[in-house]
Amino acid sequence: MADPFKTRWSGIGVGGALALDFANTLDWRLRPVPVELLRQYPDLLRWAWSAGALDPAETRTLMRWAEEHPRLAEKALAGAVATREAIADVFQAVSRAEPVPRTALGRVEAASRAAWNGRALEPASPGATWVWRSGPVPPERPEWAAALDAVRLLTADAVQRVRECGDDQCGWLFLDTSRNRSRRWCTMEGCGNRNKARSFYRRNAARARSG
């Protein structure tokens, strides 16, 4: 089984929120055949470790669990992917000013409820804070962390800033934190430059035809 600490997950932070980064683990979402990045349970663990949803000790614990229980790990991955797709459906609808699909929202709610059952309040100065309950690390922890963040974002004012990349094949989601809310691309280095190059090529081709 691959070492999840060898390299960090590419694209972490592009979404501006844990839930959106999770949705972006399906690459080229708008293509007829998207690119699945969560192919095995260790992929999910590497994403969660890179995103801060798991600490190194928790990641190693779940790696050992997955080695000992491959079928259960496969089931946990399938559940996480289903929740990821529900998160993507919900925020894609938000970004397009469309009604949020109830089935997808129900999946996110169910995952977040399961996550809440895995948390506990502990004293903190000056009040209290939510922490994960002590004991064995549940294999659903990455999925739960993303679901909790999805609920946080959905019920916050920042949900109005959720955007979908302007590339016609990308489909990545992000929070537009620009002052005038003008961000169009997931990254300028990727989709931004690619679409600028396409526009440049089309303009030159049009001039050549007219000339």
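Give me the pairs, please: first residue somewhere in the range 137-151 and free of Cβ contacts under 8 Å to residues at least 60 places away in the same chain, second residue anywhere and of a type in the set (Ser, Thr, Tyr) and in a helix (DSSP H, G or I), beta-carbon distance under 9 Å, and either six or more positions apart or on two chains.
Close Cβ pairs satisfying both conditions: 144/83; 144/112; 148/112; 151/112.
Out of the residues in the range 60-93 that are of a type in the set (Val, Ile, Thr) and under 19 Å from the mean Cα position of the chain (by Cα), which is farthest from residue 26 (Cα to Cα)? Please lay out each step first, then the result.
First, pick out the residues of the range 60-93 that are of a type in the set (Val, Ile, Thr): 61, 81, 83, 87, 90.
If we keep only those that are under 19 Å from the mean Cα position of the chain (by Cα) too, we end up with 81, 83, 87, 90.
Values: 81: 9, 83: 12, 87: 12, 90: 15 Å.
Among those that are of a type in the set (Val, Ile, Thr) and under 19 Å from the mean Cα position of the chain (by Cα), it is 90.
Quick check on this structure: which one of 88, 73, 78, 53 is crowded, with 21+ Cβ neighbours inside 10 Å, within 30 Å of residue 168 (Cβ to Cβ) and of a type in the set (Gly, Ala, Ser)?
88
Does residue 34 satisfy the condition of being surrounded by fewer than 18 Cβ atoms within 10 Å (Cβ to Cβ), at pLDDT 95 or above and within 30 Å of residue 194 (Cβ to Cβ)?
Values: surrounded by fewer than 18 Cβ atoms within 10 Å (Cβ to Cβ): yes; at pLDDT 95 or above: yes; within 30 Å of residue 194 (Cβ to Cβ): yes.
Answer is yes for this residue.
Here are the criteria: (1) over 15 Å from the mean Cα position of the chain (by Cα); (2) over 18 Å from residue 62 (Cβ atoms); (3) surrounded by 16 or more Cβ atoms within 10 Å (Cβ to Cβ); (4) of a type in the set (A, V, I, L, M). Tell me which single one residue 137 does not satisfy.
Result: residue 137 fails condition (2) only.
Does any residue in the range 22-36 that is assigned to a loop (DSSP other than H, G, I, E, B) come within less than 7 Å, Cβ to Cβ, of a residue that is among the β-branched types (Val, Ile, Thr) six or more places away or on a different chain, and which pairs are these?
Between residues of the range 22-36 that are assigned to a loop (DSSP other than H, G, I, E, B) and residues that are among the β-branched types (Val, Ile, Thr), the close pairs are 24/14; 28/35.
The values are calculated or read from the model by the stated rules, or taken from the named source; none is laboratory data. These numbers come from a predicted model, not from an experiment. Positions of Cβ are generated from backbone atoms using ideal geometry, with glycine treated the same way; all protein chains shown enter the neighbour counts.
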